[in-house]
1. For ARG85, enumerate residues with amide H under 5 Å from its amide H, sequence gap 5+ or separate chain, H modeled in the peptide plane.
2. So how strong a dipole does segment 8-313 carry about its Cα centre when Lys and Arg Cβ are +1 and Asp and Glu Cβ are -1, to the nearest 20 debye?
3. Is there a quick way to get the dipole size of segment 1-148? I mean about its Cα centre, with the Cβ of Lys and Arg at +1 and of Asp and Glu at -1; what is the value in debye to the nearest 20?
4. Could you sort the peptides 141-151, 92-102 by per-residue average Cβ neighbour count (10 Å cutoff), highest mean leading?
5. At ASP23 and GLU187, where each label point lies 7 Å from the Cα along Cα→Cβ, what is the point-to-point distance in nanometres?
6. Out of GLY276, GLY158, PRO238, whose Cα points farthest toward the positive end of the dipole of segment 8-313 (charges: +1 Lys, Arg; -1 Asp, Glu; placed on Cβ)?
7. Among ARG237, ARG293, ARG72, rank each residue by its count of other Cβ atoms within 10 Å, from fewest to most, as a rough exposure measure.
8. Could you tell me what percent of the DSSP beta bridges with both partners in the chain are antiparallel, to the nearest 5?
Amino acid sequence: MFDRSLKIIDCHCDTIALFGREDYDFSSRNSTGHLDLPRLREGGVGLQFFAVCTAPVAEHHPLHRALEMIGRYRRVIEGLPSVQRIEGPADLEIARKEGRLGALLALEGAEPLEGSVELLEIFALLGVRALSLTWNRRNHFADGVGESAAAAGLTRAGRKLVRELSRRGIVLDLAHLAPAPFDQALELSERPPLVSHANAGALCSHPRNLGDGQLKALAARDGVIGLSFYPYFITGRPEASLEQLLDHFVHVAGLVGVEHLACGSDFDGIEETVTGLDDATSYPVLLEGLRQRGFRPAEIELIAWGNVERLLQAHLGPAVPL
Ligand SMILES: [Zn+2]
């Protein structure tokens with residue numbers, strides 16, 4: 001089996017939606033959901049992104065909903081001495097040295113800003129360090145992939161938001177964006193962008209996946225894609241094997257290099273899972289699969305941790321004037 005001391009960064013989960021539920025306790029092992037603190041530990045996860053997603057019911061007070069979710073998240077996380085919130089440049093190193101789980105708060109879809117770029121600073125104060133502009137639909141800032149052929153580019157507010165993310169050092173997450181605003185946001189961003197959870201469109205032509213041209217453009221800006229474990233993004237069907245997921249890693253590595261690859265499981269945001277990757281304890285199985293497919297230890301370390309660490313180091317610091 002693969003070296004279990006290797007730490008993983010996972011760029012996307014929807015587990016906050018379980019926080020506060022009576023049948024779920026993040027600090028102990030649960031039979032519901034895909035992850036909790038013991039299972040993240042067992043899987044070797046050193047840093048987990050936690051998304052606040054108010055869609056698809058965002059029509060109903062997304063700001064209120066996001067604040068509630070952040071309140072629950074902070075209440076759960078702050079009570080746990082073995083968890084380190086990742087908000088500043090030293091936090092990753094502290095988490096690693098002290099063996100804590102790093103927790104990074106992300107907004108999935110900018111609906112909670114309700115069109116106001118000024119609110120970004122408030123979310124930053126609450127600990128948000130990554131933000132995707134849309135979920136699947138149109139909002140004040142851009143169109144998501146769900147708008148399909150009718151999708152337009154970034155709005156004026158969307159352009160302002162991308163610039164503000166760069167200034168503030170908050171990670172721009174391009175997941176869920178329609179192709180036109182994807183290109184525009186990539187162009188405007190002053191820092192390397194992330195695609196937190198998507199897969200290779202060349203292997204599975206799902207609208208949420210990235211075509212080879214998009215992957216190349218992302219890599220040219222030193223961006224990173226977290227490959228998701230969602231069978232529909234891997235095969236287009238409700239089932240996928242580990243080998244089929246590994247095909248996506250091999251494809252992206254062959255196209256743009258291993259320096260742009262990471263994991264973005266989408267655990268607790270997906271109903272079906274890859275066979276053998278049932279929950280957050282499964283990462284060693286994935287890493288062993290990468291080894292068997294010919295990735296060298298140094299390359300696996302980049303996929304597991306190094307690439308996202310590099311991206312975060314380009315963000316987590318004082319705001320810069322732009
Ligand atoms: Zn998503």
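1. ALA103
2. With Lys and Arg at +1 and Asp and Glu at -1, about 660 debye.
3. It works out to roughly 500 debye.
4. Taking the mean over residues of other Cβ atoms within 10 Å, the ranking is 141-151, 92-102.
5. 4.9
6. GLY158
7. By the 10 Å Cβ count, ascending: ARG237, ARG293, ARG72.
8. Bridges in the chain are about 5 percent antiparallel.
Coordinate-derived values only; no laboratory data. Predicted, not measured: the structure shown is a model, and the values here were computed from it. Glycine gets a Cβ as well: all are built from the backbone with ideal geometry, and neighbour counts include every protein chain shown.
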